[in-house]
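The next block holds one structure in the form of C-alpha cells; read it before the comments.
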Amino acid sequence: MDRIIVTGNGPVQGQIAIAGAKNACLALMPACLLSEEPLTLTNAPRLSDIKTMTELLRSLGAEISALSDGQVVAMSCHGAVNHVAEYDIVRKMRASNLVLGPLLAREGRAVVSLPGGCAIGARPMDIHTDGLEKMGATIELKEGYLHAEAPGGGLKGAAIDFPFASVGATENIMMAATLAKGTTVINNAAREPEIVDLASCLRKMGAQIEGDGTSTITIEGVERLGGATHQVVTDRIELGTYMLAPAICGGEVECLGGQIGLVESFVEKLHLAGVDVEETDKGLKVARRNGRIKAVDVKTEPFPGFPTDLQAQMMALLCTAEGTSVLEETIFENRFMHAPELVRMGADIDVHGGTATVRGVEKLKGAPVMATDLRASVSLILAAMAAEGETVVNRVYHLDRGYEKVVRKLSGIGAQIERVSE
C-alpha cells in the first residue's frame, strides 16, 4: 500500500494549475444517458472516481473514450441501454446513484444498487427517491437494490420540496425532469457551482432549465435531448486546498484557473486569519501576512456557506494559529476523523459531537499518521508541509479519488514530498 512521506521545509512558491471539478464531472457524465447523441466533456480531472463512473456507464451501454491524456471524455449512449447498475461497481463511489434519474427518464425503469464509497456519514437516498416518486415513479428496495419504474408513459413534472438542499438529489431530479412530461419545480434546491455547471451542460443538450444557482429550479420537460461539448468548471475544493499551502507554510502561490466566486466564504475566513488573496488574470494569488495565523471560527454550510469539503484542510491551518478556533460541522457526521491524527503531530484539539475546538500551538511535529478519507488525507499532507521533521501518511489511496497528481503539484511549489510503494 502506498505512503506519502513529507518533510517540512519552509515557505512555498510558484504556480499550481487547478483541475476540473470532480463533483461536477461525476454529475455531468451520467447526463450522456439522456441522449443518443455524443456528449464530450473537456477539462475533466484525471481521478480514480472518474474511472469508476466510466466503468459504470460502460456497463449500462455507453461508449466512452478518454482523450488528451484523460482531460477530454467523449461519451455516446446511442445503442441499447442496460438499466441495472450492479453493486460491484456502485459500491465504490457514492456518486454512482446519479444514474438513477437519467435511467428512469430514458428507459422508464432502473435497478440501482445502494451506493458506498465514503466513510463520513450515512447520506441516505430517501430524498432522491421521494422526489422521483412525486414524479410518478414507483420505487422498492429489494436485497440492497432500488427497483424503480415509471409506469403510465414515463415520469411527469411535479413540485418537489426538499427537506434540505441536497446536491446529489438536486442533480438526480434535474436530470430526470429534462425528459419528463410537463414542468418540474425543485424548491430548496442546492445552489453549488456544480449544479449550475450541470444545468449549463443540459441546456446545451436542449433542456429547458431556469433558476439554477438559486433555491428554486424550474425544468420544462422536452421530447429529446441532443449532444453537446462542455467544459467542466474549476474544482473549488482543489482550489481551496492548494490556497492553504502558502497559508500554512508561508510564501506565495498562484492558483491557475481560480475564481473568488467559487470560494467566497472560504476566502472571507482566510482574510480573517491573516491570508491575502488577490485575483490575477490567470487565477488567484495567495500569500500569508507576516506573523502567525489568527484563530477563526468556522461553521460548514451548504453553498454559498463554508464548504464541508474544506473543513479538514482548514483545521490543519488553525492547528498553529494564535488563539482558539471552533469548527462546527453541520453537513456530515463522522467528519472529524482527521483530528486524532493531527493530535499525533502535536495539535491541541478536542472533539465533542459536531464541534471541534482547536487551540493553536507554535509548531507541529512530524509523525506517522493514517488517512481516513479523501479530505482528511490532504489535510494531513498540508499539516506535514509546515511541521518539523518527517511525516509518513499511510492509506493514501483515498487521495486518488479527488486530487490528480498531488505530489507533482506540491513538489512544483517547493514541498519536499514523495510517494512510495511498499
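Each value in this text was obtained by applying a stated rule to the coordinates, not by laboratory testing. Being a predicted model, the structure only gives us computed values, none of them experimental. Because the Cβ atoms are built from the backbone with ideal geometry, glycine has one as well, and the counts that use them run over all protein chains shown.
So the values come out like this:
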quantity	calculated
Prolate/oblate/rounded call for region 355-397, Cα gyration tensor, a/c under 1.5 rounded	oblate
Positive-end residue, the chain charge dipole about Cα centroid, Cβ charges, pick of Thr241, Ala150, Pro193	Thr241
Whole-number D in µm²/s for region 175-318 (Stokes-Einstein; Kirkwood sum over Cα pairs; 10 °C, 1.306 mPa s)	94
Cα-Cα separations in region 102-220 greater than 25 Å, expressed as whole percent	19
Max mean-square fluctuation residue, GNM over the chain, Cα-Cα springs under 10 Å, options Pro304, Pro193, Pro368	Pro368
Normalised contact order of region 22-231, rounded percent, pairs of Cα under 8 Å and 6 or more residues apart	20
Charge-dipole axis of region 22-231 as Lys and Arg at +1 and Asp and Glu at -1 on Cβ define it, positive-most pick from Ala95, Leu34, Ile219	Ala95
Pairs of Cα atoms farther than 43 Å apart, the chain, %	13
Within a Gaussian network of the chain (alpha carbon springs, distance under 10 Å), most fluctuating of Ala159, Ala31, Ala376	Ala159
Selected from Ser76, Ser65, Ser265 as most flexible by GNM, with the chain as the system and alpha-carbon contacts under 10 Å	Ser65
Dipole magnitude (debye, nearest 20) for the chain, charges at Cβ of Lys, Arg, Asp, Glu	480
Proximal aspartates and glutamates relative to Lys156, as straight alpha-carbon distance under 16 Å, when same-chain residues fewer than 8 apart are discounted	Glu107, Asp130, Glu133, Glu220, Glu223
Mean separation of Cα contacts under 8 Å (6+ apart) over length of the chain, as relative contact order %	21
Binned Cα-Cα distance frequencies in region 22-231 - 10 Å width, integer %	9, 39, 40, 11, 0
Kirkwood-Stokes translational diffusion coefficient of region 313-422, alpha-carbon pairs, 20 °C, 1.002 mPa s, µm²/s	151
Region 1-83: relative contact order as a whole-number percent, Cα under 8 Å and 6+ apart	30
Sparse-neighbour loop sites [GluC sites (Glu not before Pro); region 99-197; at most 16 other C-beta within 10 Å; DSSP]	Glu143
Region 214-261 versus region 186-211: alpha-carbon centroid distance in Å	14
